[in-house]
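The values are calculated or read from the model by the stated rules, or taken from the named source; none is laboratory data. What you see is a predicted model; the values in this text were computed from it and never measured. Counting neighbours? That spans all protein chains shown, and the Cβs are built from the backbone with ideal geometry, glycine included.
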Amino acid sequence: MIFLTGGAGFIGANFVLEWFRDHDEPLLNLDKLTYAGNLETLSSLQGDARHLFVRGDIADGELVEQLLARHRPRAVLNFAAESHVDRSIHGPGEFIQTNVVGTFRLLDATRRYWEGLAPAEKGAFRFLHVSTDEVYGSLGEHDAAFTESHGYAPNSPYSASKAGSDHLVRAWHHTYGLPVLTTHCSNNYGPFQFPEKLVPLMVVNALAGMPLPVYGDGLNVRDWLYVHDHCSAVRRVLEAGVPGQTYNIGGWNEKPNIEIVHTICRLLDELRPRAGGGSYLEQLAYVQDRRGHDRRYAIDAGRIERELGWRPAETFESGIRKTVQWYLDHPDWVAHVQSGEYRQWVALQYGGA
Ligand code: NAD
């Protein structure tokens, strides 16, 4: 049994769906179902006994303890987080609560469970913490890409809260010996991403005839990785990663935001020509820059490639084409997460908001 948190979110849900494509090992999925959690993404698993979903908070130490005792997992994978930088600027409290306090509670309940395991199970156990390249801070134009030994310099409330959680995970290894693994991945894109993030936001706004908002001069650079490649990297680290080690995950795809928007518009022009003619690029609108906007992130994924033999399967060109096509093919999924209908359904199913 694998115990995964945040498995109704973008990356967690992609991980769960892919897990069952080549595993029969059951998976316990703990998710609070915030605005970013969407059970509709997992509807193909309805009635599948291998997937056990529990609505709950990673910061609820008692619940986590009970789940560990009852299901006796061989690994905990922590995907749960508040993940949107813009939201962290407006309301950092939730980010500290889930990303720092929540990770602490999950980690400490896991430590107590792990300490009680038989020696063989104890040695094989893993706590895998999913983190971000944003903890390393911002790079200058000519700086070398982040390696795992790059110093921490988080600049947003989001990245600071993720950095805090990474430090806790590291300390639980050094102090208590918990076999932890930490991954730092670059920007993900792909199916089932909440349309507040750049790629789905552009597709959704373009199709709705709305402005395509681009921060500042559009030249902020990020590395981009197709979500399935992130999931395959996490599976590889879980299988073969060395406890206490950190692994950068990236696609060697550094691109300025404006280039991402141009690529999406070009694909949409080809796949779904605008009703009134012309290009979707005509909807582009530069807006005031994000406060404290990091200029450049770049990931050196050399360690995971050399030591664990992982490679991304998609190029940016193939991954972004699949992604745009997915959003074109799934207007209902997008409409539901935007409409609030889904929130009402969750309240009906599980109580609360
Ligand atoms: P997301 O916002 O789409 O999903 C987060 C999930 O966590 C949601 O299902 C939400 O309901 C759940 N959650 C939030 N608070 C919770 C809590 N207190 N208890 C239980 N569940 C809770 O995020 P994502 O993009 O899927 O990111 C997943 C992880 O990957 C995060 O840890 C994030 O920091 C990391 N990451 C994301 C990216 C990216 O580009 N999206 C890149 C690198 C790393």
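Hey, among Gly340, Gly250, Gly276, which residue is in contact (Cβ under 8 Å) with a residue 60 or more places away in the chain and among the small types (Gly, Ala, Ser)?
That would be Gly250, the only listed residue that is in contact (Cβ under 8 Å) with a residue 60 or more places away in the chain and among the small types (Gly, Ala, Ser).
Please go through the range 278-317 and pick out each residue that is under 18 Å from Arg222 (Cβ atoms) and assigned to a helix (DSSP H, G or I).
Across the range 278-317, the qualifying residues are Phe316, Glu317.
Given the structure, is Ala208 free of Cβ contacts under 8 Å to residues at least 12 places away in the same chain and more than 19 Å from the chain's Cα centre (by Cα)?
yes
Scan the range 88-100 for residues that are surrounded by fewer than 24 Cβ atoms within 10 Å (Cβ to Cβ), more than 9 Å from the ligand (Cβ to nearest atom) and assigned to a helix (DSSP H, G or I) and jot them down.
If the condition is that a residue be surrounded by fewer than 24 Cβ atoms within 10 Å (Cβ to Cβ), more than 9 Å from the ligand (Cβ to nearest atom) and assigned to a helix (DSSP H, G or I), then Ser88, Ile89, His90, Gly93, Ile96, Val100 are the ones that fit.
Take the residues of the range 5-33 that are among the polar types (S, T, N, Q) and touching a residue at least 60 places away in the same chain (Cβ under 8 Å): which is farthest from the ligand (Cβ to nearest atom)?
Asn14
How about the range 151-180: which of its residues are in contact (Cβ under 8 Å) with a residue 40 or more places away in the chain, closer than 20 Å to Arg111 by Cα and of a type in the set (Gly, Ala, Ser)?
Gly164, Ser165
What single numbered condition from (1) part of a strand (DSSP E or B); (2) within 18 Å of the chain's Cα centre (by Cα) fails to hold for Ile320?
The one condition Ile320 does not meet is (1).
From the list Thr246, Thr263, Thr323, pick out the single residue that is closer than 27 Å to Trp172 by Cβ and touching a helix residue (DSSP H, G or I) at 6+ places or on another chain (Cβ under 9 Å).
Unique residue meeting the criteria: Thr246.
Of everything in the range 61-84, what is within 10 Å of the ligand (Cβ to nearest atom), over 14 Å from Gly12 (Cβ atoms) and either free of Cβ contacts under 8 Å to residues at least 40 places away in the same chain or touching a helix residue (DSSP H, G or I) at 6+ places or on another chain (Cβ under 6 Å) (or both)? Give them in sequence order.
Leu63, Val64
Going by what's in this entry, would Phe127 be described as at pLDDT 95 or above, aromatic (Phe, Trp, Tyr) and more than 24 Å from Phe104 (Cβ to Cβ)?
It is false that Phe127 is at pLDDT 95 or above, aromatic (Phe, Trp, Tyr) and more than 24 Å from Phe104 (Cβ to Cβ).
Residue-by-condition table, conditions (1) of a type in the set (Gly, Ala, Ser); (2) within 29 Å of Gly123 (Cβ to Cβ):
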site	(1), (2)
Val203	no, no
Ala208	yes, no
Pro211	no, no
Gly241	yes, yes
Glu259	no, no
Trp310	no, yes
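Got a sec? Which of Leu63, Leu17, Leu27, Leu52 is buried (at least 20 other Cβ atoms within 10 Å of the Cβ) and more than 18 Å from Pro157 (Cβ to Cβ)?
Of Leu63, Leu17, Leu27, Leu52, the one residue that is buried (at least 20 other Cβ atoms within 10 Å of the Cβ) and more than 18 Å from Pro157 (Cβ to Cβ) is Leu27.
Are any of the residues in the range 231-249 within 16 Å of the ligand (Cβ to nearest atom) and over 21 Å from Ala75 (Cα atoms)?
no
Could you list, in sequence order, all residues of the range 202-220 that are surrounded by fewer than 19 Cβ atoms within 10 Å (Cβ to Cβ) and in contact with a strand residue (DSSP E or B) (Cβ under 8 Å, 6 or more places away or on another chain)?
Asn205, Pro211, Pro213, Tyr215, Gly216, Asp217, Gly218, Leu219
Looking at the range 168-176, can you tell me whether even one residue there is away from the ligand (no atom under 11 Å from the Cβ), of a type in the set (Lys, Arg), more than 17 Å from the chain's Cα centre (by Cα) and crowded, with 20+ Cβ neighbours inside 10 Å?
Among the residues of the range 168-176, not one is away from the ligand (no atom under 11 Å from the Cβ), of a type in the set (Lys, Arg), more than 17 Å from the chain's Cα centre (by Cα) and crowded, with 20+ Cβ neighbours inside 10 Å, which makes the answer no.
Say whether the condition of being part of a helix (DSSP H, G or I) and either within 16 Å of the ligand (Cβ to nearest atom) or buried (at least 20 other Cβ atoms within 10 Å of the Cβ) (or both) is met by at least one residue in the range 115-128.
No: the range 115-128 contains no residue that is part of a helix (DSSP H, G or I) and either within 16 Å of the ligand (Cβ to nearest atom) or buried (at least 20 other Cβ atoms within 10 Å of the Cβ) (or both).
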